[in-house]
Amino acid sequence: MIPADKKEDILKLAAVGLTATQIAAAVEFPPAVAAAFIALADVPGSIVARLIEEGHDNGIATPQMKLQEAAAAGNIDAIKTLRGIQRENRFNEFIYYMDDDEFTG
């Protein structure tokens, strides 16, 4: 369904946080294709949803991997930044796995 030459663009656009609607406009899909693309983005497990999720995940992971490399090489600023990101990641994971009854008491 998605032309091979558009997949890389979709991954890159998803990596910077664009929505399916914004991606469809940016890659200049014809209206009918854009409508299908946007609809499929909301279907869990669809090729479009998986492609956007992969792009989003790459957008988060790739910079953090580069930061990790710089931190491992002894870059103090990278170490400080990475520690902050790791704290945020742990907090987000904690919130994700928290039970609903923990919010309502």
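Numerical summary
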| quantity | calculated |
| --- | --- |
| Residue within the stretch 25-35 that is of a type in the set (Gly, Ala, Ser) and surrounded by fewer than 11 Cβ atoms within 10 Å (Cβ to Cβ) present | yes |
| Residue within the stretch 59-80 that is touching a residue at least 12 places away in the same chain (Cβ under 8 Å), part of a helix (DSSP H, G or I) and of a type in the set (Lys, Arg) present | no |
| Among residues of the stretch 44-67, those that are surrounded by fewer than 11 Cβ atoms within 10 Å (Cβ to Cβ) and more than 16 Å from the chain's Cα centre (by Cα), counted | 0 |
| Single condition GLY17 does not satisfy, out of (1) assigned to a helix (DSSP H, G or I); (2) surrounded by 10 or more Cβ atoms within 10 Å (Cβ to Cβ) | (1) |
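Any read-out appearing in this document is the output of simple, stated calculations on the displayed coordinates, not a laboratory observation. Just so you know, these numbers come straight off a predicted model, no measurement behind them. Cβ atoms come from the backbone with ideal geometry, glycine included; neighbour counts cover every protein chain shown.
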